[in-house]
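Trainee: Please read through the structure below; I'll follow up with questions.
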Amino acid sequence: MEETLFDRIIAGEIPADIVFENDHALAFRDINPQAPVHVLVVPRTRMRSIAEAPEQDPRELGCFVQAIAETAKALGLEEGGYRVVFNTGKDALQTVPYIHAHILGGRRLSWPPG
Ligand code: AMP
């Protein structure tokens, strides 16, 4: 699997505005925010997208989901609510082939997304 931008952020080779991290995941602010709060959460275990989840260790996946919730809490989004998005593949406009959860919040979000 080719090295991606997010591999390099995890390795500390590219700077990022980190808002949460633990042994399982890293969360940092999106460079092109689409909401007042827009953070990306990546698991330290590498996979291209959520489509590869069936082949992963379910405990690691569970820790990743917990890290998403902990990040949202640390950002103060629990009360107002937030959206979690996994863009997957070309129709969803996934641009970085390393799984990442977008956390969007801080304003009323429209539905459905365009
Ligand atoms: P996606 O389109 O779902 O693959 O999302 C990739 C996201 O990565 C986009 O929202 C970009 O704005 C974001 N992004 C690209 N480069 C960086 C970077 N160096 N630091 C933080 N976010 C980035």
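The values are calculated or read from the model by the stated rules, or taken from the named source; none is laboratory data. Since the model is a prediction, treat every value here as computed from it, not as a measurement. Here the Cβ positions follow ideal geometry from the backbone for every residue, glycine too, while neighbour counts run over all protein chains shown. We work out accessible area using only protein heavy atoms, side chains counted, and drop any ligands, DNA or RNA first. Shrake-Rupley method; radii C 1.70, N 1.55, O 1.52, S 1.80 Å.
Trainee: Using per-residue counts of other Cβ atoms within 10 Å, averaged over each peptide, order 54-67, 20-33 from highest down.
Mentor: Result, highest mean Cβ count within 10 Å first: 20-33, 54-67.
Trainee: With +1 on each Lys and Arg Cβ and -1 on each Asp and Glu Cβ, how big is the dipole of the chain about its Cα centre, in debye rounded to the nearest 20?
Mentor: For the chain, the charge dipole is close to 420 debye.
Trainee: Mind pulling the angle between the C-alpha long axis of helix 58-74 and the longest principal axis of the chain? Nearest 10 degrees, somewhere in 0 to 90.
Mentor: Result, in degrees: 30.
Trainee: Suppose all protein chains stay in the model; what accessible area per residue would a 1.4 Å probe give for the chain, in Å²?
Mentor: The answer is 61 Å² per residue.
Trainee: Something else: Would you pull out the residues with amide H under 5 Å of residue 25's amide H, same chain only if 5 or more places away, H placed 1.01 Å from N?
Mentor: The answer is 44.
Trainee: Additional query: Carbon and sulfur: what percent of segment 5-105's accessible surface (1.4 Å probe)?
Mentor: Answer for segment 5-105 is 53 percent, counting heavy atoms of protein chains only.
Trainee: While we're on this one: Counting only Cα atoms, I'd like the Rg/Rh figure for the chain, Kirkwood definition for Rh.
Mentor: That ratio is 0.94, to two decimals.
Trainee: Mean residue ellipticity at 222 nm from the helices of the chain, using -39,500 (n - 2.57) per DSSP H segment of n ≥ 4 over the full residue count, to the nearest 500 deg cm²/dmol?
Mentor: -6000 deg cm²/dmol
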